[in-house]
Amino acid sequence: HQHPSQYPPSRKRLLPFLAPMMLRCSSSLLALSGVLSAFGKPSLLPNHPTADLLRDFGGSLRCPYASEWLVKGPKTAHRDLMASRRMSEGNEVAGSCAYESTWSGPSCIEFRGLGWDASSMADRCNGPMVEGTISSGVACALPDPMAGWCHIEVEGKGTEAHPLGTAGGCSMVEQACTNFMGGTFAAVGSCDTSASGDKDDTSGGAEGDESGMSHGGKGWSMGEASICSIAPGAIGAAHQAGNSPGYRSDCSGTPGESSPYMWPLKWTAETMWQSMPFGSDEVAYKSTGKVYYQLDKNWKRMDRYTEEGQLRAIFDPNNERVATRTTVLHRGGRMVFIKWGNGTDTMEDITNIAECSWTNLQVVGNIRPDWFLDGRGDSTDTQYLGNQHVFYASDAPRLVKQWRKKDFASQYFTMSMGENPTTDENGIHWPLMMNVPGEGFGDDSLIVYRNHAELTDDDDGLFLIDEAYMSAGGECPLRAEGGGPPTDREHIPSNLEVDEGWISNQYTFSPVWVPPIEEVVEEEYTNDLNDPLALTQAGDEVTVASCFDPIENEVHLTAMFEDIRTDDGNIPWLALAFREDEDCLMNPRDGGDTEVIFILADDDGQVSATHGPMSPSARRMGRGTEADDILGAQVPLDEAIGFSHGSVSIEDDIVSLHFRRTMEPTTPTGVAISRSSEVDPPQVMHLTYAVGTRQELGYHRVRKCFEVTEFPLCGRMREENAKVEESKKKEKEITEVEASGDEKKDTSSSTERFSIFVSTILVLTGTVFFI
């Protein structure tokens, strides 16, 4: 949820290193973070063990939703390296700090790496909010049971490794590590559901393979998922699960079930990739190659033939490319990198393989064929656009059907599918073009697919050349770790940012799927003034009711929290935060405080609401700010400046927060507005709600950003407006009557004569009618 400039040092070190590698795979490359992210040197040296990967494969790997993977990583993106690093050279345990945390009780920090000395460990162990005991050369005593390690990189020193117990559950512990401590979580023991094989659960390491996983030639195993399984979280917006055996065109219950416009399962096409800098149509980088898919097996192959120009990426904005023939294989969660020798040998001749290595993508599988059709996955959306004629790979126009797919970075992909298959295309709606956003780490790009062809099971060998190479005596090791990348690169802007014109429109052309019918709420929700209010469904747990008083310039808001009790039956801490803009951040990009209302319950179940600022240090659990520090800046809601009628109540297990908030008392041009003047309601309020894991302020189990956009007039104002309109109407009637008084005298005689005439006519025609 953060801009890269706001990431902690460990993530800043990760982002620029991975960015250039995400240049073309519609499948996935984030889990290279598991191999490349946790290094401590400040610059990428020419002899860096991964420099060849950037140089040789930088133009072949770019994935939808790469930005959020860089922020979050796959489920355990660092686990393999971080677990095995505990006793590796240069990362031995320098010492530990045992202390008591008000958040989690008895706690420990393990200092790993050559940069720690007695002085730096003492400073850390007796720093803000930590008063502990240093044990030089001694590792931490481990909790039992143990959920995993939280690894935090410290520039110039090494790593802080925090052993975490299972209190609160595995998922909550992982969220605490990644969201609050700014670290990387490495699960062990019962929380490590992804690993197989023998493993040292207490140290987080593994016996045999460094990954601690079974990784046969066709992928790796974390317990096979079912057909059509998608990856967790935001990754699932575009990808299959890494442990899924594959996808089907008729996955039951999916919005795109049997749609003729999803990608074919088995196909190949030549590719041309072109990248354009922000604000320009000039092509800065170009590559050609060929892609192969067996999506029914969760397999992909990408060959790159040529490349030229500057591959602008966050780690190197002036990276002049040198053509290198490469192949990337992606089977399940396993990604293989192959570099070919010089010459004219084909890219199927294994004797011409110069280098081979692999890495573990864990939960990230290949792209799912219906990725652009639906809005499944977290923090995503889709917009069906309709038909459009485009110039595709020739001077002749081609009719395509288009969708836009929004990613977590609020940028979007545009997918163009052929609408009128040619005779040679066998009735298949082929993928023709895909517009790819830079997602903050590179330039926007356009990829064109040409000369499509169907594949069969007889083509499986194309995806297994690494196995053939190893069977013939070749080596293909797991990629080694090494030094780290530069971190002083700025965010790269994109031309494909989601704007106000975005409209959710999930239309898949599925002959089977029926969209769910939204339940119509017939009853109105009213406030203390009996005002009918607009309802906004903020999330599964929260509904918000709103209206606006233009005289007082107040928004009346009620937030209702439902189904939020903890396992022990208590009301957890709740929060409603006010954001400055659409960015879904815990704190503003400038590092300022966030305005927030906290709701806390006491031991008797009585709830109270407070208001105040929440500083960015709240993200650092036990490392600068504790619960008392956050709450110490709060005041009762009914005493908060700019708020009135604040209250919170519980009824039928629903916690309802009520308040009136005064909006900025100025016009859009900054002119002050008097209290007697009416003002327009706000166009939008950017809000965030959170539901905690326990009664005391601590970790949240749910956090969701939302917007309130409907502000009908509060009832009092409607009544006053109605009275004014009625008064105006009566005044108009009186004026009209007075103005027509004299005219009635002049016209009375003619009216009487006309009435007699009409009466006579009606009598003569046998009609009984009296005027």
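Using the Cβ of N420 as centre and a radius below 15 Å, the other residues enclosed give a net charge of -1, where K and R count +1 and D and E count -1.
Candidates G474, I447, G427 compared by Cα position along the dipole of the stretch 422-479: farthest toward the positive end lies I447, with charges placed on Cβ. Amide H to amide H, with H built 1.01 Å from N, A147 comes under 5 Å of L164, G165, T166, counting only residues 5 or more places away or on other chains.
Taking a ≥ b ≥ c as the square roots of the Cα gyration tensor eigenvalues, the stretch 359-465 comes out oblate, since a/c reaches at least 1.5 and a/b does not exceed b/c.
Let me know the shape class of the stretch 342-422, please: from the alpha-carbon gyration tensor, a ≥ b ≥ c as square roots of the eigenvalues, rounded when a/c is under 1.5, otherwise prolate if a/b is greater than b/c, or oblate.
On the way: a/c = 3.18, a/b = 1.35, b/c = 2.36.
It comes out oblate by the Cα gyration axes.
Report note on the peptides 363-370, 147-154, 269-276: ranked by the mean count of other C-beta atoms within 10 Å, highest first, their order is 363-370, 147-154, 269-276.
Please report, as a whole percent, how much of the solvent-accessible surface of the stretch 387-428 comes from carbon and sulfur atoms (probe radius 1.4 Å). Don't skip to the end; give the middle numbers.
Values: 910 of 2020 Å².
Carbon-and-sulfur percentage of accessible area, whole number: 45.
Other residues within the sphere of radius under 14 Å centred on the Cβ of D653, judged by their own Cβ, net out at -4 (K and R +1, D and E -1).
Between D395 and E454, the FRET efficiency estimated from the beta carbon spacing at R0 = 30 angstrom works out to 0.65.
The values are calculated or read from the model by the stated rules, or taken from the named source; none is laboratory data. For clarity, every value in this text was computed on a predicted model and none was experimentally measured. Reconstructed Cβ throughout: ideal geometry from the backbone, glycine too, with neighbour counts over all protein chains shown. Only protein heavy atoms, including side chains, enter the accessible area calculation; ligands, DNA and RNA are left aside. Shrake-Rupley method; radii C 1.70, N 1.55, O 1.52, S 1.80 Å.
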